[in-house]
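To start, the structure itself, in structure tokens.
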There are 4 protein chains.
Amino acid sequence: MIIVLKKDEAKEEIEVVKKAFDGKKQVFVHENRVAVQGAKADEIPGEVLNAAEDVITNVPAAVQSSRLLHPEDTIVKTAHTEVGGNKLALMAGPCSVESEEHIHRMAKVAKEAGATVLRGGAFKPRTSPYSFQGLGEEGLKYLREAADENGMDVITEVMDDEHVELVGKYTDFFQIGARNMQNFSLLKEVGKTKIPVALKRGMSATIDDVLNAAEYIAACGNNQIILIERGIRTFDNKYTRNTFDVGAVPVLQQLTHYPVIVDPSHAAGVWDIVTPLAQAGVAAGASGLIVEIHDDPEHAFSDGPQALKPDTFKEMARRCEEIHKVVSAWK
Amino acid sequence: MIIVLKKDEAKEEIEVVKKAFDGKKQVFVHENRVAVQGAKADEIPGEVLNAAEDVITNVPAAVQSSRLLHPEDTIVKTAHTEVGGNKLALMAGPCSVESEEHIHRMAKVAKEAGATVLRGGAFKPRTSPYSFQGLGEEGLKYLREAADENGMDVITEVMDDEHVELVGKYTDFFQIGARNMQNFSLLKEVGKTKIPVALKRGMSATIDDVLNAAEYIAACGNNQIILIERGIRTFDNKYTRNTFDVGAVPVLQQLTHYPVIVDPSHAAGVWDIVTPLAQAGVAAGASGLIVEIHDDPEHAFSDGPQALKPDTFKEMARRCEEIHKVVSAWK
Amino acid sequence: MIIVLKKDEAKEEIEVVKKAFDGKKQVFVHENRVAVQGAKADEIPGEVLNAAEDVITNVPAAVQSSRLLHPEDTIVKTAHTEVGGNKLALMAGPCSVESEEHIHRMAKVAKEAGATVLRGGAFKPRTSPYSFQGLGEEGLKYLREAADENGMDVITEVMDDEHVELVGKYTDFFQIGARNMQNFSLLKEVGKTKIPVALKRGMSATIDDVLNAAEYIAACGNNQIILIERGIRTFDNKYTRNTFDVGAVPVLQQLTHYPVIVDPSHAAGVWDIVTPLAQAGVAAGASGLIVEIHDDPEHAFSDGPQALKPDTFKEMARRCEEIHKVVSAWK
Amino acid sequence: MIIVLKKDEAKEEIEVVKKAFDGKKQVFVHENRVAVQGAKADEIPGEVLNAAEDVITNVPAAVQSSRLLHPEDTIVKTAHTEVGGNKLALMAGPCSVESEEHIHRMAKVAKEAGATVLRGGAFKPRTSPYSFQGLGEEGLKYLREAADENGMDVITEVMDDEHVELVGKYTDFFQIGARNMQNFSLLKEVGKTKIPVALKRGMSATIDDVLNAAEYIAACGNNQIILIERGIRTFDNKYTRNTFDVGAVPVLQQLTHYPVIVDPSHAAGVWDIVTPLAQAGVAAGASGLIVEIHDDPEHAFSDGPQALKPDTFKEMARRCEEIHKVVSAWK
């Protein structure tokens, strides 16, 4: 249940609600809106109901993520980037941090194409235990330095709650991978930090699953959250690795205030489908892109087939920027 | 197997291939390319191999649909429309033809927004036998008149092979619905006509299934084919009726020369997601759109929730046209 | 809405309901139950309500298929077979009728294993137009003769409404294939006959889709219907062709009175998974099995990889019979 | 690559292989079989090839899980239970440990029905952060005591690598939940213990994904692994929570030596479909069952709708035991 209070009277009434449910039900406040988890109408003190402009009874479990509690867009800001505002956020880099030299080279490419965030995995979630598992902290250092040298932010995946502190020393955005979208311990741990979290949709996560996963982060105090559509698992997996669910972009934007970006690289799984998917995502209203690049995809340590070479990437960035201009003029 | 002949020598060699396999294997010719279904390299006469520029051995079953046999784009042309060329083809109209008066009104709306093709169902495939099944031939007449009055073409669904002749009298494009994508008798029957066929992807049809279905039409002599992506069935069906597989657009365009258009209405199932999906489809390179419109969706005979009202539709058309301009400049 | 009348008074009241809705709404009667499609409670004549034992308001669109209208099991009977009763119905034969001699040989194998119905395709729905399309009427004749010689019934697929009459001359059960589950013209045409119809679930058909497809047949007057679970399309398709949805068996049995049988051959797609799936289907309560057999699978005209060889088939039949004995003792 | 050595000569040759790849490639030995991850034929020392009975080149990434390296069944043994042998292993209990008194009562029910393992969640992975999250260590204590009192083993979920030690003090089997199937840190941590691990298939995990997840555990030294089929996510989710993929049982049994059990409760999501799914799983050859029970499902702390009441559960156990007798006689 969400009570929308008449603006100027809010403070006092909010206190009444808080007291009424103290220790009994969870209460969330956003400006003149108060949500009480699982409350019924007749449990709300009369004076509060009298001060209400509106009472919303059909509220999803993921209440803090909902526009019903928080109608206006959340904009996630870091040193060099704004996600969810007017500009298209561009994040790019190799799948894995492969070496100091390589990540510096890739950072330059990303920067030249307009990216403000450098991506790169130091801890890699690999299907097989015998595949390359990442450079670990060494990789994080290289990534940070490469970003700093180019005036960029860092995004990198954290796979374990014990690593949250370590990864947090080097990154500007935590990335939660698709396989960990419902690793609730990890979500709680990043939720205790103040570092923005980019949450990838799980392979078979419904829209509600995504929002509830985000809610785990918010419930621990961190509401700097970005949602990433990266393709879902369907019967159609011969020519692309996943099915890019571009419709999830407007659907999520209706339901939640968190910005939504897209990862065309993992959705496609093959480089020559990445650009059209990126274009589609931006045209559907995505606030940004996270893209894998590599100058020698055939020898990439991981996910080579889906990496864009520098020139293709720059052309993709240019096109997406152009579509974004068209789309953002309509908002 | 496809043999690519050196250009000027083609005719003679093609005759040799035809004779060699006459009555034994199917032979398809496109310009200087000859395909022989299921042939092995050592079955090809030596003189033909000598005249070949290239021999392609890994050929899909749907050979006539393949760019390996027919590298350049097919452009489907009717009186007022070109699908697959430089312009974005816009097809619109109500889900069902509801009355003479209504289809005329909707035709005007479609025309004003730039549509050159009027859609409307006279024979409706409905999940339940007790739902409205369409006006039949009467509906076809109204549809034709409304299109003619506005200088438009007609697209309408044919559900039965016996109806092919009847529907063919009134329409410029046969639409094959998703549920009938593998109704092979129907595919063969429209394949015997000279009327362009717009083939909707089945709900769980793979890319190869779509191409093989198109091949049934081509195998009967009709290669005026348009493919329609309209969403697939996945686990994710709470907020949209289907999952719009925008990646199918570039994937199909790589594999086949037939133009690919998108149906954001059936993919979304709800009107307020139609416009972003349409934008995404165009940005991914689709050659056209087929969209459901209605001036009073709540009282529509079928599929009201996904119909765009006239003003929303015009705005959608305007936006898609704008994105199309940006995208087509890159080709 | 379904009105359950007090038993002995039924006839008169049913007439009142029929008159009240004559020409306005569809009325279905089964013993002391009357269903009125889309009626509201206050439209029912008071005298009828007074005579009612129960009024069921939440009725599915597929009302004739529903146990709410028809609580007891439907048993489909032919000369040599009973589907839905106490015995496990066994249907077997090759995918395609390949020759007179071959179908006779396969009939003997089927018979020896306890099958009472011989299957075999004379009209084959093939993904590619260039694959073997069946022997046509010749195949039907061979199939009929082979069945007669062994005292068996025939089941064979009908793909076209125009073929219904022809196929009906030779068969005891029409089979509607998965790809045609929503070919509504075909459903209507077999619905006009008195020949039992075995309806295969479409690859991505929901439970409700299956029931509505059955309703098309019933709505035309034929309620001798059998439902076939044959696997659905999911992301999991490397080791089996489809995902055998064994849960559909009890779910359908709860909702509908039509008997449910399983096709482990198409679900598995590979012969060595057929027997465990058959066992699972019987253990879940299926009323029968339809299985593909071949004495030389490597040279089968179609679907060889999933065909059981005679000895394997006999062992499968023996096992399923044994499980069926255990299961049927609990009913 | 797997080299199958002639039996008696094995030891010496294995040493040669180990030395040849020491520090370069991973080598796994099982009796007279040696696997070398990613090796090519010409890298194998000639003397070893000479001593080989067979060389298997097409080896999956999850080599330790494969029957190619380990042909005979693994049987997982605990104090009161054997999984993978001749007996059907029965695990049962409430979804959550709710109180000391309740888990004792449920343990008695489970025991009476023949279960040798008591299940119950103390740490619960819940979709929403505001749902009941489990009693924690207190719950583990109650669970242990209830099991001990009834001469049973314990199975309970571990959600975090940090909890492995704690949970390990109380449990006989670690359960890895579906959402954590690719939580690689957790898999590695339980892989370092000697406690058997029951790994649930992820909602959209392919067969290969399951085997690779098991391989993470084996790669850390623990090969006491049980695989659990618990339903996958498909389009068909109105009448059951998931689609029970009964075919995964024989498919996994072909590929891997680890025992496979089924969880009909989570597959069904509704209690009245649990028994048929359990029967189907046993008939398909599963080595055991894990089932949720509750004496007052309407007031269960979690997953009430799918819990079997004591009497229904006992009947289910009796039936499954009977089917198992039939099935195991064929092995």
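Answer with yes or no whether C:K325 is more than 13 Å from every other protein chain (Cβ to nearest Cβ), at negative phi, part of a helix (DSSP H, G or I) and modelled with pLDDT of 95 or more. Quick ask: steps written out before the conclusion?
Numbers: more than 13 Å from every other protein chain (Cβ to nearest Cβ): no; at negative phi: yes; part of a helix (DSSP H, G or I): yes; modelled with pLDDT of 95 or more: yes.
No: the conditions fail for C:K325.
B:L255 meets each of the listed conditions (1) touching a residue at least 60 places away in the same chain (Cβ under 8 Å); (2) of a type outside the set (K, R); (3) crowded, with 24+ Cβ neighbours inside 10 Å; (4) over 21 Å from B:P125 (Cβ atoms) apart from (3).
Of the numbered criteria (1) out of contact with any Asp or Glu (no Cβ under 6 Å at 6 or more places or on another chain); (2) over 27 Å from A:L227 (Cβ atoms), the one A:V48 fails is (1). Return yes when B:V59 is under 16 Å from B:E215 (Cα atoms) and in contact with a Phe, Trp or Tyr (Cβ under 9 Å, 6 or more places away or on another chain) and no when it is not. Here the answer is no, as B:V59 does not meet what is asked.
For the range B:179-194, the count of residues that are under 13 Å from the mean Cα position of the chain (by Cα) and more than 25 Å from C:Y130 (Cβ to Cβ) is zero.
Scanning the range D:54-84 for residues that are free of Cβ contacts under 8 Å to residues at least 40 places away in the same chain and under 16 Å from the mean Cα position of the chain (by Cα) returns D:K77, D:E82. If the condition is being in contact (Cβ under 8 Å) with a residue 24 or more places away in the chain, out of contact with any Phe, Trp or Tyr (no Cβ under 7 Å at 6 or more places or on another chain) and either within 14 Å of another protein chain (Cβ to nearest Cβ) or β-branched (V, I, T) (or both), then the range B:127-141 contributes only B:S131.
Return yes or no: is A:E98 more than 16 Å from the chain's Cα centre (by Cα) and within 26 Å of A:R230 (Cβ to Cβ)?
yes
D:K24 - would you say it is part of a loop (DSSP other than H, G, I, E, B) and either without any contact (Cβ under 8 Å) to a residue 60 or more places away in the chain or touching an Asp or Glu at 6+ places or on another chain (Cβ under 8 Å) (or both)? When the stated conditions are applied, D:K24 passes them.
Evaluate the range C:126-138: report whether one residue or more is under 20 Å from the mean Cα position of the chain (by Cα), assigned by TED's automatic domain parsing to the domain that holds C:K200 and closer than 20 Å to C:E292 by Cβ.
Taking the range C:126-138 first, the residues under 20 Å from the mean Cα position of the chain (by Cα) are none.
No, the range C:126-138 has no match at all.
Is there a residue in the range B:237-249 that is more than 8 Å from every other protein chain (Cβ to nearest Cβ) and under 30 Å from A:L252 (Cα atoms)?
Yes - at least one qualifying residue is present in the range B:237-249.
Pairing each residue of the range B:220-235 that is surrounded by 24 or more Cβ atoms within 10 Å (Cβ to Cβ) with any residue that is at pLDDT below 95, provided the two are 6+ apart or on different chains, yields C-beta distances under 8 Å for B:I232/A:D236; B:F235/D:N237. In the range C:257-300, which residue that is part of a strand (DSSP E or B) and among the aliphatic types (A, V, I, L, M) is farthest from C:K111 (Cα to Cα)? So, considering only residues that are part of a strand (DSSP E or B) and among the aliphatic types (A, V, I, L, M), the one farthest from C:K111 (Cα to Cα) is C:V260.
For the range B:109-126, filtering for residues that are more than 13 Å from every other protein chain (Cβ to nearest Cβ), farther than 18 Å from B:I261 by Cα and among the charged types (D, E, K, R) leaves 2. If you go through the range C:266-304 and pick out every residue that is more than 13 Å from chain D (Cβ to nearest Cβ), among the hydroxyl-bearing types (S, T, Y) and touching a helix residue (DSSP H, G or I) at 6+ places or on another chain (Cβ under 7 Å), you end up with 0.
Give the residue, chosen from A:V97, A:V109, that is of a type in the set (V, I, T) and farther than 23 Å from A:R201 by Cα.
Working: A:V97 fails: farther than 23 Å from A:R201 by Cα.
Just a single option satisfies the conditions, and that option is A:V109.
Being in contact with a Phe, Trp or Tyr (Cβ under 8 Å, 6 or more places away or on another chain), without any contact (Cβ under 8 Å) to a residue 40 or more places away in the chain, closer than 30 Å to C:G285 by Cα and not charged (D, E, K, R) is a description that applies to C:A35.
Of all the residues in the range C:242-281, those that are among the charged types (D, E, K, R) and within 16 Å of C:F313 (Cα to Cα) number 2. In the range B:142-165, the qualifying residues are those that are farther than 21 Å from B:I226 by Cα and without any contact (Cβ under 8 Å) to a residue 40 or more places away in the chain, and the one that is surrounded by the most Cβ atoms within 10 Å (Cβ to Cβ) is B:E162. When the residues of the range A:313-322 are filtered to those that are out of contact with any Ser or Thr (no Cβ under 9 Å at 6 or more places or on another chain) and within 11 Å of chain B (Cβ to nearest Cβ), the one that is surrounded by the most Cβ atoms within 10 Å (Cβ to Cβ) is A:E322.
You will find that of B:A178, B:A218, the residue that is under 13 Å from B:A62 (Cβ atoms) and within 14 Å of chain C (Cβ to nearest Cβ) is B:A218 and no other. Out of the residues in the range D:33-78 meeting the condition of being in a loop (DSSP other than H, G, I, E, B) and exposed (fewer than 13 other Cβ atoms within 10 Å of the Cβ), tell me which one is modelled with the lowest pLDDT. By that ranking, first place goes to D:K40.
The values are calculated or read from the model by the stated rules, or taken from the named source; none is laboratory data. All of these numbers come straight from a predicted model, not from anything done at the bench. So basically every Cβ, Gly included, is an ideal-geometry build from the backbone, and we count neighbours across all protein chains shown.
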